[in-house]
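All remarks here apply to the structure that follows.
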Amino acid sequence: MGKVAAVCIGEKKGEKKKEVGDAYAIAALGIEKDAHAEGGDRQVSLLMAESIDMLRKSGVQVPYGGFAENIVTEGVDLVSLRPGDTIRIGKSCVLKVTKIGKECHSPCWIAESAGRCIMPEEGVFCTVEATGRITKGDELFTARSGGKEKKDGM
């Protein structure tokens, strides 16, 4: 089953985000009180806990939010998603995938210490399609563009 492992927000772009217990996602804007809550196609960012854990096992101590990601997921293969697919979190929040990966303009502290950053290949970026609260532990459901919703598992 897919679920939310962490919810993170940050006051400034390009900096680590801080883990919070929950946050409010606002349609067409982003996560309330987050620096990226200004519309556009990268309103919310997600990473898999499994990928972060692999880096931790290699000796890099990175906290959730360390890649400036908003939502850390467990039990869902985010990189298999495609633009247009949707992610429902909890009772009402719906995200729409806009991008997989991103171009980093300068090496982040993680790339410098670990030799690589996972955000360029594994970061998932979304818009908020339906407003709702996102809470650590919420179930996660994905749906292919034009397809049926499913409870995810890896």
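The values are calculated or read from the model by the stated rules, or taken from the named source; none is laboratory data. Quick caveat: nothing in here was measured; it's all calculated off a predicted structure. Methodologically, a virtual Cβ is constructed for each residue, glycine included, from the backbone with ideal geometry; neighbour enumeration extends over all protein chains shown.
Some points to look at:
- Contacts under 6 angstrom Cβ, first residue in the stretch 126-141 being in contact (Cβ under 8 Å) with a residue 40 or more places away in the chain and surrounded by fewer than 20 Cβ atoms within 10 Å (Cβ to Cβ), partner assigned to a strand (DSSP E or B) and aromatic (Phe, Trp, Tyr), 6 or more apart: ARG133/TYR24
- Check on LEU95, in a helix (DSSP H, G or I) and either aliphatic (A, V, I, L, M) or within 19 Å of LYS18 (Cβ to Cβ) (or both): no
- Hey, VAL7 under 19 Å from ARG144 (Cα atoms), under 10 Å from the mean Cα position of the chain (by Cα), modelled with pLDDT of 95 or more and crowded, with 17+ Cβ neighbours inside 10 Å or not: no
- Of all residues making up the stretch 1-52, the number that are in a strand (DSSP E or B) and either free of Cβ contacts under 8 Å to residues at least 40 places away in the same chain or among the charged types (D, E, K, R) (or both): 5
- Screening the candidates VAL76, VAL72, VAL62 for the property of being crowded, with 17+ Cβ neighbours inside 10 Å and assigned to a strand (DSSP E or B) yields one hit, VAL72.
Yes/no matrix, rows are residues, columns are (1) modelled with pLDDT of 95 or more; (2) within 19 Å of ILE31 (Cα to Cα); (3) over 10 Å from the mean Cα position of the chain (by Cα):
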{"residue": "GLY65", "(1), (2), (3)": "no, yes, no"}
{"residue": "ALA68", "(1), (2), (3)": "no, yes, no"}
{"residue": "GLY75", "(1), (2), (3)": "yes, no, yes"}
{"residue": "ARG82", "(1), (2), (3)": "yes, no, yes"}
{"residue": "THR98", "(1), (2), (3)": "yes, yes, yes"}
{"residue": "SER106", "(1), (2), (3)": "no, no, yes"}
{"residue": "TRP109", "(1), (2), (3)": "no, no, yes"}
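- Residue match in the stretch 47-57 (condition: of a type outside the set (Val, Ile, Thr) and in contact with a Gly (Cβ under 7 Å, 6 or more places away or on another chain)): yes
- Of the residues making up the stretch 10-28, those that are within 22 Å of LEU81 (Cβ to Cβ), of a type outside the set (D, E, K, R) and crowded, with 19+ Cβ neighbours inside 10 Å are ALA23, ALA25.
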